[in-house]
Amino acid sequence: MTANALKQKHNLLVYCGSGGLGLLASAKIPMIKYPYWRSKYRIVTLANYIFSQIALFFKLLCNPNIPRNAIIWVNTLLPFGAAFYGWLTGRKVIYHVHEESLSPIALRRTLCGIAKLTATKLIYVSNTHLQRFPISPRKSFVIYNALRDEFSKDALDHVYVPRRDGVFVVLLLASNRLYKGIDNFIKLAEAMLSRADIQFQLVLNDGGKPVGVDSIPGNLSILPPCDNPAAYYRSANVVCNLTNPRFCIETFGLTILEGMAHGIPSIVPSVGGPAELVSDGQEGFHVNVEDVGELQQRVLQLADDPGLCFDMSHRARLRAQDFNETNYNTQLNNSVEELLKIRYGSVL
């Protein structure tokens, strides 16, 4: 999304590791690849990574066609070769930080030190992200992630109802990690077995059986991951994020935002990125994710009050509209144009 946003107004040239292109493959931007590959052995991958950044640095240094006034956009903390190139050649460097954490700790400290030295600006995806992963606060600002226009349009067509065929569905989409609150979600389902009209759906993004769980209650269905989870949102009446803040604090909460775009109320932790998206009692509820009693109370509050569901659904849709692609594109381009006032020209 970042590349597509910038290419609308600026000339782009992308340097990408040979391990893959991901979303850049559809961006139709001139691209130069530098060598990088992963190994099943962590130490080999680390050595390959360091070599790749040396190669990236020299590829940039040996390219005579990069304008002197180009801006270097570094996506994630990892491409430090590009950051060093920009800093050493006197070019402005913008970091777009996505990481929640980095390991080992020596690598994290090194990459953060390089970013602090070389960055002109650092962009974070939420205030929580900035607070949890500070590098150089005076250079930092927040641009929230956004939903693609196509996704938002399809979500807007969805008609939310508090129940379908008399059933209230509680949905959790998460990776198969205990800190994602899978255990508490299953405990919640077990506590509500007496309510046959309330069903639970768990989508594990990486598949498999839930880790650390011995049995699955009869009111919970484990659904397979998919590239487009819209079908899951369309069948849900409330979407949960139960990441345990004692072990991990979410920096954004994309599944919650996607659910809100469909007009679905949310139940989220009281801290972290999801809590920035959802105001307690407005688009959903903030909870202590380890308090199964509180979780049960909030689910029942929604399941037994259609009026509350409709009110929260309306507010959720309105809130989701703040995170649209146009706003995102405008903020990214403004971050570049501020630097172009000083150093006019094209963007790398």
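The values are calculated or read from the model by the stated rules, or taken from the named source; none is laboratory data. Model, not experiment: these values are computed from the prediction. Neighbour counts run over all protein chains shown; Cβ positions are idealised from the backbone, glycine included. When the accessible area is computed, the model is the full protein with side chains, heavy atoms only, and any ligands, DNA or RNA have been set aside. Shrake-Rupley method; radii C 1.70, N 1.55, O 1.52, S 1.80 Å.
Tell me the angle of helix 325-340 to the major Cα principal axis of the chain, expressed in degrees between 0 and 90 and rounded to the nearest ten.
Result, in degrees: 20.
Leaving out ligands, DNA and RNA, what percent of the accessible area of segment 199-299 is carbon and sulfur, probe 1.4 Å?
Accessible surface attributable to carbon and sulfur in segment 199-299 totals 47 percent.
At 7 Å along Cα-to-Cβ for each site, give me the label-to-label distance between residue 167 and residue 106 in nm.
Going from the residue 167 label point to the residue 106 one covers 5.3 nm.
Along the positive direction of the dipole of the chain (beta-carbon charges: Lys, Arg +1; Asp, Glu -1; about the Cα centre), which of 249, 221, 83 reaches farthest?
Sorting the options by dipole projection puts first 83.
So what's the angle, to the nearest 10 degrees on a 0 to 90 scale, between helix 292-303 and the longest Cα principal axis of the chain?
Between helix and principal axis, roughly 80 degrees.
Applying a 10 Å radius around every beta-carbon, put 218-231, 238-251, 293-306 in order of their mean neighbour count, most first.
238-251, 293-306, 218-231
Please report, in debye to the nearest 20, how large the charge dipole of the chain is about its Cα centre when each Lys and Arg carries +1 at its beta carbon and each Asp and Glu carries -1 there.
Computed about the Cα centre, the dipole is about 2060 debye.
Simple spin-label model, 7 Å along Cα-to-Cβ: residue 18 to residue 300 in nm?
If labels sit at residue 18 and residue 300, their model points lie 6.1 nm apart.
What FRET efficiency would be calculated for the residue pair residue 148, residue 334, taking the C-beta separation as r and a Förster radius of 22 Å, to the nearest 0.05?
0.65
How far apart, in nanometres, would the label points at residue 246 and residue 158 be if each is projected 7 angstrom from Cα along the Cα-to-Cβ direction?
3.2
If we count every other residue with Cβ under 14 angstrom of residue 240's Cβ, Lys/Arg +1 and Asp/Glu -1, where does the sum land?
Local net charge: -4.
About the Cα centre of segment 195-348, what is the dipole size in debye to 20, counting +1 per Lys and Arg Cβ and -1 per Asp and Glu Cβ, all else neutral?
Roughly 240 debye, rounded to the nearest 20.
Could you please state, rounded to a whole Å, how far the C-alpha centre of segment 79-124 is from the C-alpha centre of segment 156-221?
39
Taking the Cα atoms only, what angle lies between the long axis of helix 42-61 and the longest principal axis of the chain, rounded to 10 degrees?
Tilt relative to the chain: about 50 degrees.
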